[in-house]
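Below is one structure, written out as structure tokens; the observations come after it.
Please treat every number below as a calculation from the coordinates, not as lab data. Here the structure is a predicted model, which is why all the values come from computation and not from measurement. As a convention, Cβ positions derive from the backbone with ideal geometry for all residues, glycine included, and neighbour counts pool all protein chains shown.
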Amino acid sequence: MITVGVQTKGLLPEKNTDEAFKMIHDAGFDCVDINIDTFLKNSDLYSGKLNGFFSESVDNLVEYFLSYRVAMEKYGIRASQMHAPYPVRVEGRDVQNNYMQGEVIPKSIVIAEVLGVPWVVIHPFKMQYKYGKEREFQENIEYYKMLVPILKQCKVGICLENLYEGLGDRLVEGVCADPEEAVRYIDILNDYAGEELFGFCLDTGHLQLVNRDPAEFIHILGHRIKALHLHENDGAGDLHQLPYSFGSAAGEGQDWNGIMMALKDVGFAGTLSFETFPTMNSFPRSMQRCVLETIHDIGTYWTTFI
């Protein structure tokens, strides 16, 4: 059964936990994408700034996130996916990289287990423009394989995501931006694991930035698509805005109808999950509820295609 979800970023941790999940519930959502990346921001990681949030013990972190579980149970909301902190690797930051790979990511997986999250989005390393795609592939495979024991223990899966990179003044394809490459990653990792522990998170905005055809991408990935990041941009910046913000259903923006039909073709039966937190931040706080309702209404409309 297709469900409709939205990320917690833009609401948590800024709001009281109960208040945030009540807003999500009242807007009509069934599911959420838990953004624990808000506790260790990508902008800080890229600039080499670390905080102590994930240095806390696993027990303390689990206790903190129990309020999420209580609120989700209260309002009948399920966590369909989680976004782990990223980037997991930054060139030349060995201490930070060891902390991310050896502490932050494993603790994120444990938190996912506690919250009943089936899929955690963990970005692959970006290395191809310095070391080439094959070294990037091998180092990513090696790291993901190291996580298989904790994935089995926690009964949690990992989703890779199609990424872009900035090269000079241009946005270019990053790791997993090629659907055939993404298939290679997932199939090799699942073969190694001996079960389906790895899937794919399709980010429509990233497809748009590197001019990849969404329907083609979806048909190639097929059943491997386990999670979605649905959002819109102008083709030049990763803006994470509402679908239809830069076009219309008649076809000027992303072909959303085509995307939904392609998902139907491959038998997608998960959550239409919106990654539209900047939209929440663009409007006055008093309008957040109606913005959430609009996002939900778009998702409800799309379910008619699937």
Give me, ordered by chain and number, the residues 5 or more places off Leu11 or on other chains with an amide H under 5 Å from its own placed amide H. none
Check: C-alpha center the range 141-217 vs C-alpha center the range 241-290, spacing in Å is 21 Å
Theoretical gain in end-to-end length, Val114 to Lys15 [0.36 nm per residue, Cα-Cα removed]: 33.5 nm
Quote the charge dipole size of the chain about the Cα centre in Debye, to the nearest 20; the model charges only the Cβ of Lys and Arg (+1) and of Asp and Glu (-1). 540 debye
Alpha-carbon centroids, the range 30-49 and the range 98-122: separation in whole Å: 12 Å
Rough spin-label spacing in nm, given labels placed 7 Å along Cα→Cβ, for Asp191 and Glu103: 3.6 nm
Give me the net charge for the shell around Tyr131: Cβ to Cβ below 14 angstrom, other residues only, Lys and Arg +1, Asp and Glu -1. -1
Enumerate the residues in the range 200-214 having an amide nitrogen under 18 Å from the point lying 7 Å beyond the Cα of Leu167 toward its Cβ. 206-213
Among all the lysines, which ones have a C-alpha under 16 Å from Lys9's C-alpha, if same-chain residues fewer than 8 places away are not counted? Lys22, Lys41
Residues with amide H under 5 Å of Ser273's amide H, sequence separation 5 or more or different chain, H placed in the peptide plane at 1.01 Å from N; which? Gly5, Leu228, Leu230
Given H placed 1.01 Å from N in the peptide plane, which residues other than close sequence neighbours of Glu161 have an amide H under 5 Å from its amide H? Cys201
Table column - 3J(HN,Hα) (Hz), the range 78-90, Karplus curve with 6.51, -1.76, 1.60, x for Gly and Pro: 10, 8, 7, 6, 9, 10, 6, x, 8, x, 7, 9, 10
Cross-link pairs beyond the 25 Å C-alpha cut-off, checked among Lys15/Lys226; Lys49/Lys107; Lys145/Lys226: Lys15/Lys226
Of all DSSP beta bridges in the chain, antiparallel share, percent nearest 5: 15 percent
Looking at the chain as a GNM with Cα springs under 10 Å, which of Asp94, Asp37, Asp26 has the largest mean-square fluctuation? Asp94
